1. Restricting to the range 226-236, what's the tally of residues that are touching a helix residue (DSSP H, G or I) at 6+ places or on another chain (Cβ under 7 Å) and assigned to a strand (DSSP E or B)?
2. Hey, can you tell me all the residues within the range 181-232 that are over 16 Å from residue 300 (Cβ atoms) and crowded, with 24+ Cβ neighbours inside 10 Å?
3. Which of the residues belonging to the range 24-56 are without any contact (Cβ under 8 Å) to a residue 40 or more places away in the chain and within 23 Å of residue 156 (Cβ to Cβ)?
4. Scan the range 33-45 and tell me whether some residue there is over 21 Å from residue 299 (Cβ atoms) and more than 18 Å from the chain's Cα centre (by Cα).
5. State which residue is farthest from residue 4 (Cα to Cα) when the search covers only the range 164-180 and only residues that are assigned to a loop (DSSP other than H, G, I, E, B) and touching a helix residue (DSSP H, G or I) at 6+ places or on another chain (Cβ under 9 Å).
6. Given (1) outside any loop (DSSP other than H, G, I, E, B); (2) in contact with a strand residue (DSSP E or B) (Cβ under 8 Å, 6 or more places away or on another chain); (3) surrounded by fewer than 21 Cβ atoms within 10 Å (Cβ to Cβ); (4) free of Cβ contacts under 8 Å to residues at least 60 places away in the same chain, identify the lone condition not met by residue 262.
7. Of the residues that sit in the range 236-256 and are modelled with pLDDT of 85 or more and surrounded by fewer than 16 Cβ atoms within 10 Å (Cβ to Cβ), which one is farthest from the chain's Cα centre (by Cα)?
8. What pairs can you find where one residue is in the range 114-125 and loosely packed, with under 12 Cβ neighbours inside 10 Å, the other is at pLDDT 95 or above and not in a loop (DSSP other than H, G, I, E, B), and their Cβ atoms are less than 8 Å apart, with a gap of 6+ or different chains?
């Protein structure tokens, strides 16, 4: 297996950012704009309703990125696909066959670190990054042979963890010499620099990219993210039975009141209203506090690059100030 320095060099990133695969939101346009502008774009296989449609998306992305790389005469960052490795996903095997056949360069696995899946991706030279929220699941993923661990920390959008990233990164680094990605409330280039300072290799961003032009999200959703602060994010299991971060206003609009937020049972909207309710339940992380606009992905990535370099330069000045 390649060491992490070889892997990072082979990603051809302009800035150490992975755009996380988000339900519905992440589709071809966002992936392509991410990769073309120097970060690693991803999408969930299940965002396309069928395996054949999923393969069409993969082929489209591969062909367009290859054409762009040829035009520039230099390699672009690769793209990635999220595969839900769980018995409740009936498409696991079929989608994995597409991933292997089409030589998807990066696979993000969730809800199961399975050695057979990792080996299948490795058979065609692909990388596997796995979502974890604690050291127990991290060790299982390490034993399965993954190339990277995505540490989903407190404040992340969706099914977030509860651990602070500072000790979590340090603890995982003692266990693992592969790629460490940090997820949770990262929205600015300064946040990317902070993740690197903590010892991570890559910053994993989701919520910030919902508020981009290319994201497939309702404009009301994007506007709600722009207006929200940390107090507008609720960590509750009352929606799916698994703790996750949601925008409070979207919960209340769907009938999930404050009194229900402490409940752990899956919300029951009734058969006639359930589909509509789920469509308008919007997840976001605490990083909304530093999101103030909806802009094209290319513009956002350029901003992240500038902010990261400014933050690192400020750190260099501090080093001079406190040197002995």
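The values are calculated or read from the model by the stated rules, or taken from the named source; none is laboratory data. Because the structure is a prediction, the values reported are computed rather than measured. Counting neighbours? That spans all protein chains shown, and the Cβs are built from the backbone with ideal geometry, glycine included.
1. Filtering the range 226-236 down to residues touching a helix residue (DSSP H, G or I) at 6+ places or on another chain (Cβ under 7 Å) leaves 228-230, 232-234.
Imposing the further condition that a residue be assigned to a strand (DSSP E or B) reduces the set to 233-234.
Residues that pass the stated criteria total 2.
2. 181, 182, 183, 184, 185, 195, 200, 202
3. Those that are without any contact (Cβ under 8 Å) to a residue 40 or more places away in the chain and within 23 Å of residue 156 (Cβ to Cβ): 41, 43, 47.
4. Start the filter on the range 33-45 by keeping residues that are over 21 Å from residue 299 (Cβ atoms), which leaves 44-45.
Retained after the next criterion (residues that are more than 18 Å from the chain's Cα centre (by Cα)): none.
Looking through the range 33-45, none of the residues is over 21 Å from residue 299 (Cβ atoms) and more than 18 Å from the chain's Cα centre (by Cα).
5. Looking only at the range 164-180, we keep the residues that are assigned to a loop (DSSP other than H, G, I, E, B), and these are 164, 176-178.
The next check asks that each one be touching a helix residue (DSSP H, G or I) at 6+ places or on another chain (Cβ under 9 Å); those that pass are 176-178.
Working: 176: 10, 177: 7, 178: 5 Å.
Per the stated criteria, the residue is 176.
6. The single condition residue 262 does not satisfy is (1).
7. 255
8. Sorted first by the residue in the range 114-125, then by its partner, the pairs are 123/100.
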